[in-house]
Every structure is written in structure tokens, then in C-alpha cells.
Amino acid sequence: MTNHLLTSLSRRRLEQHYRDGFWKGDTIYALVANQAKQTPDKFAIRDRSRRLTYRQLIQEADVLARALQHRGVGPGQRVAVWVASRVEVAVAVLACSRNGYVCCPSLHRDHTVGDVGALLSRVRAAVLITQRGFGADSDRKDIVGHAEAIPSIQHVYVLGSVDEHQGAPLALPWSQDAAAEPNPTPPDNDPDSVVYLAFTSGTTGVPKGVMHTDNTLLANARTISKDWSIDATSN
């Protein structure tokens, strides 16, 4: 009897996805960077207090990518994000896509400091981006001290609450790091390397990791855009 690994990653499947048009040669970062050149002042993303244009979004992603590089983060290392639904999540995903890092934003408000610490250890995260007062027991426990005790963690960035930035320009904690590294490496252009690590809910056991590439993340969006005729003129 033949044994098969539980994965769909094979050269034959990959080549078929390209032939079918589900997968293409662009990374998420490359698509947003191209949009920033074509329509720089068009709004790209918003949260409850701020909106960023494509130019602003790609600029912020470049700043974070440069800062992470300055902190010594290398391709394939994990960048964990434990914050509310806010524009910085998209900034982090783009920065990881640009530099070949793996973004881990599947850390939720109802997680405790202990839960997040365990997940950080499991994925051997290199960096944590977190938010003051976020999490189920943040009023009693400190994720920063907990994270800094994890051997793989190289740095922790702490954001203020979303409401602190009401309509104001982003003032992000990694800006000073970015200034120290003016010459970032060229963007990673491999859309088939792992860029995103999500976790299942864990309701029936320990949360399980789900790995995504740029292409596996973009495949659904491409199909929806085609079926619903969404294009550059859509609002």
C-alpha cells in the first residue's frame, strides 16, 4: 500500500494551478506595490479610526520590513501579531510578504497571555507585535515580560489602542529601528513560499497550524473578483 503525506504541495499540483490561472507569479506585496504606483492616492484599507491610501500602506509596510531586518529577522522566521482588527495587521502581512517572513496573526482577543506564550513557543516566533490592554487577562498579566522570556523572541513591539490614533498619522514603535537600516534587501518574489501561519480555533483540542503561501491566500480573492466582476473601477 502506498503512503501519501497529507499535503497538496507537489510540483504537479503547483504547475496545474498555474495553468488553470488560480496561482500566478505575484506576491501580495508585489500586487499592493503595483497598485501604489498606479493609484497611489486611492484608499486601500481602513479600521474604525484611520484610512490608508495605497501609497501610505506600502510605505508603512516598507518601514516595518526595514525595521524587522534591522532586528535581525531572516527569511522563514515567524512574526506574531496579537492586536485588534486594525490597519497594522495588513502592514505586518505585507512586510512579511516583502521580506520572506511568516506572519502569524491568528492570535485572538480571548486568548490569555499563557495561551499566546505557548503559541509563540510552538512556532518559535522571532518577533511579537502586540497591543496594550489586549487579551483575556491583560489586566492581570503582562505579555511583554512573558514573551521576552521565550528564547526565540528577538524583539517585542507594543502598539497603543486603536482609539489613540483617531484620524492621526501612524506613529509606530518600529519607526526608529527602520531609520537605522536605510538599504533593505530587494523584495522576495516567490509567491509559493509560506508567508502566513494561521491556527484553528482549538475548540476540540490544541490549536493546529495552517500554512499559507501568497498564492493560496490570493486564490479565493482572484476567483471572487472574477465571479463578481470586481476590478479597479469597483468601489
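The values are calculated or read from the model by the stated rules, or taken from the named source; none is laboratory data. As the structure is a prediction and not an experimental result, all values here were calculated from the model. We place every Cβ from the backbone using ideal geometry, glycine too, and count neighbours over all the protein chains shown. Just so you know, the surface numbers come from the protein's heavy atoms only, side chains and all, with ligands and any DNA or RNA stripped out. Shrake-Rupley method; radii C 1.70, N 1.55, O 1.52, S 1.80 Å.
Starting from residues that are part of a loop (DSSP other than H, G, I, E, B) and open to solvent by less than 60 Å² (accessible area, probe 1.4 Å), keep the ones in the stretch 153-178 and report whichever is modelled with the lowest pLDDT.
So the residue we want is A168.
The rows are residues; the columns are (1) open to solvent by 60 Å² or more (accessible area, probe 1.4 Å); (2) in a loop (DSSP other than H, G, I, E, B); (3) in contact (Cβ under 8 Å) with a residue 24 or more places away in the chain.
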residue	(1), (2), (3)
V195	no, no, yes
A198	no, no, yes
T204	yes, yes, no
P207	no, yes, yes
N215	no, no, yes
L218	no, no, yes
T223	no, no, yes
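Can you name every residue in the stretch 108-133 that is open to solvent by less than 10 Å² (accessible area, probe 1.4 Å) and assigned to a loop (DSSP other than H, G, I, E, B)?
A125, A126
All but one of (1) closer than 15 Å to Y157 by Cα; (2) part of a loop (DSSP other than H, G, I, E, B) hold for C103; state the number of the condition that does not hold.
Only one criterion is unmet by C103, namely (2).
If E181 meets every condition in (1) at pLDDT 90 or above; (2) surrounded by 12 or more Cβ atoms within 10 Å (Cβ to Cβ); (3) of a type outside the set (S, T, N, Q); (4) assigned to a loop (DSSP other than H, G, I, E, B) apart from one, which number is that one?
(1)
Condition first: closer than 30 Å to Q35 by Cα and touching a strand residue (DSSP E or B) at 6+ places or on another chain (Cβ under 9 Å). Can you find one or more residues in the stretch 131-147 that meet it?
Scanning the stretch 131-147 turns up at least one residue that is closer than 30 Å to Q35 by Cα and touching a strand residue (DSSP E or B) at 6+ places or on another chain (Cβ under 9 Å).
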